[in-house]
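The block underneath contains the structure these notes are about, expressed in structure tokens.
The values are calculated or read from the model by the stated rules, or taken from the named source; none is laboratory data. For clarity, every value in this text was computed on a predicted model and none was experimentally measured. All Cβ positions, even for glycine, are placed from backbone atoms using ideal geometry, and neighbour counts span all protein chains on display.
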Amino acid sequence: MRRNEALAIEWRHVDRRAKRIKVPQTKNRKAFSVRIIPPIAEILEELGGEGEGRLFPWQGDSVTHHFVRTARKAIIHFGKLVNNFSEIFPGRNYPFFLI
């Protein structure tokens, strides 16, 4: 699902009984639906459960901005983890995928 497709979903597109969310706006103009799995049901509850308007009140650019900022922080933390790992086990060359 593309970012703008997710951001366009409205509460009226959520069918809890059928456990489906309809995605009406797509790049190729073909609507589709996705199954509501338990973790998604929990998130829907946290968002307020029912209502009018869009599920997510954000604009696409703000989502991208926050994602990039969070990813940068995660990379910095990951870099510190790798450095700490090499300090704990000096002199060993571990394949990156093991770290």
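Some values worked out for this structure:
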quantity	calculated
Checklist (1) of a type in the set (A, V, I, L, M, F, W, C); (2) more than 23 Å from Gly60 (Cβ to Cβ); (3) modelled with pLDDT under 85 applied to Ala6, failing item	(2)
Number of positions in the stretch 18-46 that are among the small types (Gly, Ala, Ser) and either in contact with a Lys or Arg (Cβ under 7 Å, 6 or more places away or on another chain) or not assigned by TED's automatic domain parsing to the domain that holds Ala6 (or both)	2
